[in-house]
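The values are calculated or read from the model by the stated rules, or taken from the named source; none is laboratory data. Because the structure is predicted, anything quoted here is derived from the model rather than measured. Neighbour counts are summed over all protein chains in view; Cβ atoms, including those assigned to glycine, are modelled from backbone coordinates with ideal geometry. Side chains are part of the model used for accessible areas, which takes the heavy atoms of the whole protein and leaves out ligands, DNA and RNA. Shrake-Rupley method; radii C 1.70, N 1.55, O 1.52, S 1.80 Å.
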Amino acid sequence: MAAPCGRGALPLVLIALSGAFLTYNSLLSSRSFLPLPSTSFPGATTASSSSRRLAGGRWLFHTAVTASGSVYNTWQCRVMYHWFKEARRRQGRGGEMGGFTRILHSGKPDEFIDEIPTFVADPLPEGTDQGYIVLNRPWAFVQWLQKADIQEEYILMAEPDHLIVKPIPNLSKDGRAAAFPFFYIEPKKYEKVLRKYFPENEGLITNIDPIGNSPVIIDKESLSRIAPTWMNISIAMKKDPEADKSFGWVLEMYAYAVASALHGVGNILHKDFMIQPPWDLDIGDSFIIHYTYGCDYDMKGKLTYGKIGEWRFDKRYYENKPPPRNLPLPPNGVPQSMITLVKMVNEATANIPNWESYAAD
């Protein structure tokens, strides 16, 4: 059962500001005074474990995924949750995967709240995201962290297009979060722009790690401090033409990296946290398949990236309808990562109730 929240205008600190970007002092002053909607949540649904800490000093973590409520996000969440449950089943009693929450930032419950543990968050006021819907993610996390009953002391921030291939341990250690390094997050390259939000007195620009908010395993207390700053910087960057042009579709990722650095939260960078087909050919020791890129091949198994292939898998092809059950497997010669991806999608859709009826709607 989901926990709906109130709708209406949200008096966010940054929304009222018309400047291209906030000064650093403005960002600092906004961290502790982020207001919430006036209507409270009756009781957030989270599938948490009853035990926070395991024997041997290991900590459980709660997996959280933000979603818009679109058909596109919803079918991915259903597949992702199927594999989350399978990984948690396989981990056994000593595993560190705890509960799961889909943070639905549409402002209203949908037909899948009984299938997927769901917390309903308010979206940003109309027009605030300027067509960049990802800006709703940090605001949704702020609401969830302040209002939900999260039993675990750590949180894994994941995304709908993540497939969990095996049980994930709590990779954080010694007060540092665990994160995946993205090759396209380059703080040094954009130092001039980032210094608006991470001034020189905060330290070297390399203190900003090449990460986004996902996948990240972080302690709940640290994320509660980071989230309002992450949200405010995201909105400020979107209002800043120079930052918006520089960062484009990964703007919110840069904002999280900056917010993490401002709060002094370091990150252990795990290259094996996930793979991203078609560039990563093997699963190896990774825990997650992230299918963010389109994957096109000819019938000899050769990648034809940038050109629609004779065989293809691209999540964007299913923006308005879920993929059908039993997608055709890739041709011979296609890397193991792609074969595993399609087989996992097929296995999930074969086992998720009412998949075909949902696809027909």
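Can you tell me which residues in the stretch 81-95 are under 25 Å from Pro322 (Cβ atoms) and out of contact with any Leu (no Cβ under 7 Å at 6 or more places or on another chain)? Lay out the reasoning, then the answer.
Step one: filter the stretch 81-95 for residues under 25 Å from Pro322 (Cβ atoms), giving 81-89.
Residues satisfying the conditions are Tyr81, His82, Phe84, Lys85, Glu86, Ala87, Arg88, Arg89.
Condition first: open to solvent by 10 Å² or more (accessible area, probe 1.4 Å), charged (D, E, K, R) and in a loop (DSSP other than H, G, I, E, B). Now tell me which residues in the stretch 147-166 satisfy that.
Asp149, Glu153, Glu159, Lys166
If Thr229 meets every condition in (1) within 14 Å of the chain's Cα centre (by Cα); (2) within 23 Å of Glu153 (Cα to Cα) apart from one, which number is that one?
Going through (1) within 14 Å of the chain's Cα centre (by Cα); (2) within 23 Å of Glu153 (Cα to Cα) one by one, Thr229 breaks only (1).
Name, by its number, the condition in (1) free of Cβ contacts under 8 Å to residues at least 60 places away in the same chain; (2) surrounded by fewer than 23 Cβ atoms within 10 Å (Cβ to Cβ); (3) more than 30 Å from Ser337 (Cβ to Cβ); (4) touching a Ser or Thr at 6+ places or on another chain (Cβ under 8 Å) that does not hold for Asp174.
(4)
State all residues of the stretch 235-256 that are in contact with a Gly (Cβ under 9 Å, 6 or more places away or on another chain) and of a type in the set (Val, Ile, Thr); if no residue qualifies, say none.
Val250
Is one or more of the residues making up the stretch 319-338 in contact (Cβ under 8 Å) with a residue 40 or more places away in the chain and farther than 30 Å from Val216 by Cβ? Steps first, please.
Step one: filter the stretch 319-338 for residues in contact (Cβ under 8 Å) with a residue 40 or more places away in the chain, giving 319-323, 335-338.
Adding the requirement that they be farther than 30 Å from Val216 by Cβ leaves 320-321.
The answer is yes, given that some residue of the stretch 319-338 is in contact (Cβ under 8 Å) with a residue 40 or more places away in the chain and farther than 30 Å from Val216 by Cβ.
Among the numbered criteria (1) buried (at least 24 other Cβ atoms within 10 Å of the Cβ); (2) assigned to a helix (DSSP H, G or I), which single criterion is violated by Asn213?
(2)
Which residue out of Tyr197, Tyr184 is touching a residue at least 60 places away in the same chain (Cβ under 8 Å), within 18 Å of Trp230 (Cα to Cα) and not in a strand (DSSP E or B)?
Among Tyr197, Tyr184, only Tyr197 is touching a residue at least 60 places away in the same chain (Cβ under 8 Å), within 18 Å of Trp230 (Cα to Cα) and not in a strand (DSSP E or B).
Could you please give the count of residues in the stretch 325-361 that are buried (at least 16 other Cβ atoms within 10 Å of the Cβ) and touching a His at 6+ places or on another chain (Cβ under 7 Å)?
Adding up the residues that qualify gives 2.
Consider only pairs whose beta carbons are under 7 Å apart and that are at least six residues apart or on different chains; among these, list those whose first residue lies in the stretch 250-266 and is under 15 Å from Tyr184 (Cα atoms) and whose second residue is open to solvent by 10 Å² or more (accessible area, probe 1.4 Å) and in a helix (DSSP H, G or I).
Going by the 7 Å Cβ cut-off, the qualifying pairs are Leu251/Lys238; Leu251/Asp244; Glu252/Val134; Glu252/Arg137.
Given the options Gly95, Gly69, name the one that is open to solvent by less than 40 Å² (accessible area, probe 1.4 Å) and without any contact (Cβ under 8 Å) to a residue 60 or more places away in the chain. Break it down stepwise before answering.
Numbers: Gly95 fails: without any contact (Cβ under 8 Å) to a residue 60 or more places away in the chain.
One residue alone meets the criteria, Gly69.
Give just the number: which of (1) farther than 18 Å from Glu186 by Cβ; (2) touching a residue at least 60 places away in the same chain (Cβ under 8 Å); (3) in contact with a helix residue (DSSP H, G or I) (Cβ under 6 Å, 6 or more places away or on another chain) does His270 not satisfy?
Among (1) farther than 18 Å from Glu186 by Cβ; (2) touching a residue at least 60 places away in the same chain (Cβ under 8 Å); (3) in contact with a helix residue (DSSP H, G or I) (Cβ under 6 Å, 6 or more places away or on another chain), His270 violates only (3).
Spot the failing condition for Leu135; the list is (1) part of a helix (DSSP H, G or I); (2) surrounded by 24 or more Cβ atoms within 10 Å (Cβ to Cβ), and only one is missed.
Going through the list (1) part of a helix (DSSP H, G or I); (2) surrounded by 24 or more Cβ atoms within 10 Å (Cβ to Cβ), Leu135 breaks only (2).
Taking the stretch 249-285 only, how many residues are open to solvent by less than 30 Å² (accessible area, probe 1.4 Å), more than 17 Å from the chain's Cα centre (by Cα) and either of a type outside the set (A, V, I, L, M) or within 24 Å of Met338 (Cα to Cα) (or both)?
Counting residues in the stretch 249-285 that are open to solvent by less than 30 Å² (accessible area, probe 1.4 Å), more than 17 Å from the chain's Cα centre (by Cα) and either of a type outside the set (A, V, I, L, M) or within 24 Å of Met338 (Cα to Cα) (or both) gives 4.
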